[in-house]
Amino acid sequence: MSTQSEPGNDRLDPGLSAIMGERRQLINLAYRLLGSLADAEDVVQETYTRWYAMSPAQQEAIAAPGAWLTKVASRVCLDLLRSARARRERYVGEWIPEPLPDRTEWTNGPSHGTTVDPADRVTLDESINMAFLVVLDSMTPAERVAFILHDVFRYSFPEVAEIVGRTPAACRQLASSARRRIRASQAPATPIAQRADIVRDFKQAWEASDIDALLGLLDPDATAIGDGGGLVAAALRPVDGGERIARYLVDVVAKAAEVTLLERTVNGQPGLVALQDGATVLVMAFDVVGDRIKRIWAVRNPEKLRPWTTG
């Protein structure tokens, strides 16, 4: 899609520039609603397609183009979420939200001046945390959309109601229900520096195939989930228990060709990335509770890792 103005004019059309300036905002929103960067980009493309399908007169009649784009993108996401169950039934193995390759692209959001209790807010940084996204995935489509629009992007409930097709009171209840799910899943936060140290120790223990060291870092009730999408080898079901995970990881190292593990930020948290022949073949996100790793999400599906290699 071209963002250039008419030939001979070396400046962007101000109206076009403003419309295209909404793109990052729309990607931010759609990713949080869908848990997939690829799907988010498709949603944004569809949203702009609908905008440019209108006549200039129809476009000019829209008082707030940014709000219109957000409404359309949210509704497209809602439709996709409603059909996600059928798509997931065809997915091979476990499904994990697509990891983001660059946190810095996802930290700016709108401010609509909505007054709410700060305790009922999550920041944009928090809302890309893998554990957060996994909980979002357990919500109903309406819950997820209402919660993200109101609690994360600060849209009022009347605005949310217009998008979701419910009353403001119903949307308030949806967001409240989603908020309870988030709170029930949250453990006391471990300082980011401590999390980084634990992930670094895990990396070193894994590279050394040190089962005892891994056991010291993994919670006895830890869970590891792999996502290969049926395209590469990955555990088809979660691996439960610290000892089982440790032995599974050591077995993976013994069978794998030479890989390089790198310490990288994954969805705003300390994580690991594995490279093989210059390509990213694994991205791992961690949920650290206290001084132990409680959950591991290992994404191996190459379609979900494409941004990590090409970006």
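The values are calculated or read from the model by the stated rules, or taken from the named source; none is laboratory data. Not measured: the values here are computed from a predicted model. Cβ: placed from backbone, ideal geometry, glycine included. Neighbour counts: every protein chain shown. Heads up: the accessible areas ignore ligands, DNA and RNA and are worked out on the full protein's heavy atoms, side chains in. Shrake-Rupley method; radii C 1.70, N 1.55, O 1.52, S 1.80 Å.
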Query raised in the report: Which residue pairs have Cβ atoms closer than 8 Å, lie 6 or more positions apart in sequence or on different chains, and pair a first residue in region 206-230 that is farther than 28 Å from Pro302 by Cα and assigned to a strand (DSSP E or B) with a second residue that is modelled with pLDDT of 95 or more and open to solvent by less than 30 Å² (accessible area, probe 1.4 Å)?
Result: Asp219/Gly242; Asp219/Ile293; Pro220/Gly241; Pro220/Gly242; Asp221/Gly241; Asp221/Gly242
Query - Residues of region 173-185 that turn out to be in contact (Cβ under 8 Å) with a residue 24 or more places away in the chain and either open to solvent by 60 Å² or more (accessible area, probe 1.4 Å) or closer than 28 Å to Val253 by Cα (or both), as a count - result: 1
Report task. Read through the list (1) within 15 Å of the chain's Cα centre (by Cα); (2) modelled with pLDDT under 95, then give the number of the only condition that Val299 fails. Result -> (2)
Query raised in the report: Among (1) touching a strand residue (DSSP E or B) at 6+ places or on another chain (Cβ under 7 Å); (2) modelled with pLDDT under 90, which single condition is Asp13 missing?
Result: (1)
Query raised in the report: If you scan region 230-257, which residues turn out to be open to solvent by less than 80 Å² (accessible area, probe 1.4 Å) and more than 27 Å from the chain's Cα centre (by Cα)?
Result: Val250, Asp251, Val253, Ala256, Ala257
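Test of understanding: among Ala189, Ala175, which residue is assigned to a loop (DSSP other than H, G, I, E, B) and closer than 16 Å to Phe132 by Cα?
Ala189
Taking Arg166 as the residue in question, decide whether it is touching a strand residue (DSSP E or B) at 6+ places or on another chain (Cβ under 7 Å) and open to solvent by 50 Å² or more (accessible area, probe 1.4 Å). Spell out the reasoning first.
Values: touching a strand residue (DSSP E or B) at 6+ places or on another chain (Cβ under 7 Å): no; open to solvent by 50 Å² or more (accessible area, probe 1.4 Å): yes.
No; evaluated as a whole, the condition is false for this residue.
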Report task. Please go through region 272-296 and pick out each residue that is over 16 Å from Ala187 (Cβ atoms) and either touching a Leu at 6+ places or on another chain (Cβ under 9 Å) or at pLDDT 95 or above (or both). Result -> Leu272, Val273, Ala274, Leu275, Gln276, Ala279, Thr280, Val281, Leu282, Val283, Met284
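Quick check: is even one residue across region 258-271 closer than 19 Å to Leu37 by Cβ, open to solvent by 20 Å² or more (accessible area, probe 1.4 Å) and not basic (Lys, Arg)? Break it down into steps so the answer makes sense when it comes.
Step one: of region 258-271, the residues closer than 19 Å to Leu37 by Cβ are 264-269, 271.
From what is left, the residues that are open to solvent by 20 Å² or more (accessible area, probe 1.4 Å) are 264-265, 269.
Of the ones still in play, those that are also not basic (Lys, Arg) are 265, 269.
Yes, region 258-271 contains at least one residue that is closer than 19 Å to Leu37 by Cβ, open to solvent by 20 Å² or more (accessible area, probe 1.4 Å) and not basic (Lys, Arg).
So that you can scan it fast, the table gives a plain yes or no per residue for (1) over 26 Å from the mean Cα position of the chain (by Cα); (2) open to solvent by 60 Å² or more (accessible area, probe 1.4 Å); (3) modelled with pLDDT of 90 or more; (4) among the aliphatic types (A, V, I, L, M):
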| site | (1), (2), (3), (4) |
| --- | --- |
| Glu46 | no, yes, yes, no |
| Arg50 | no, yes, yes, no |
| Pro56 | yes, yes, yes, no |
| Ala64 | yes, no, yes, yes |
| Leu69 | no, no, yes, yes |
| Ser74 | no, no, yes, no |
| Ser111 | no, yes, no, no |
| Ala119 | no, yes, no, yes |
**Report entry** Out of Asp277, Asp287, Asp291, sole residue that is exposed (fewer than 13 other Cβ atoms within 10 Å of the Cβ) and of a type outside the set (S, T, N, Q)
**Finding:** Asp277
Query raised in the report: If you scan region 260-304, which residues turn out to be touching a strand residue (DSSP E or B) at 6+ places or on another chain (Cβ under 9 Å), over 23 Å from Ala222 (Cβ atoms) and not in a strand (DSSP E or B)?
Result: Pro302
Query raised in the report: Residue check, Ala161 against (1) assigned to a helix (DSSP H, G or I); (2) of a type in the set (Gly, Ala, Ser); (3) over 22 Å from Gly66 (Cα atoms), all met but one. Which one?
Result: (3)
**Report entry** Unique residue being open to solvent by 10 Å² or more (accessible area, probe 1.4 Å), over 25 Å from Val283 (Cα atoms) and part of a helix (DSSP H, G or I) when the list is Arg82, Arg88
**Finding:** Arg82
Requested in this report: Would you confirm whether any residue within region 92-99 is more than 22 Å from Arg306 (Cα to Cα) and touching a Leu at 6+ places or on another chain (Cβ under 8 Å)?
Outcome: no
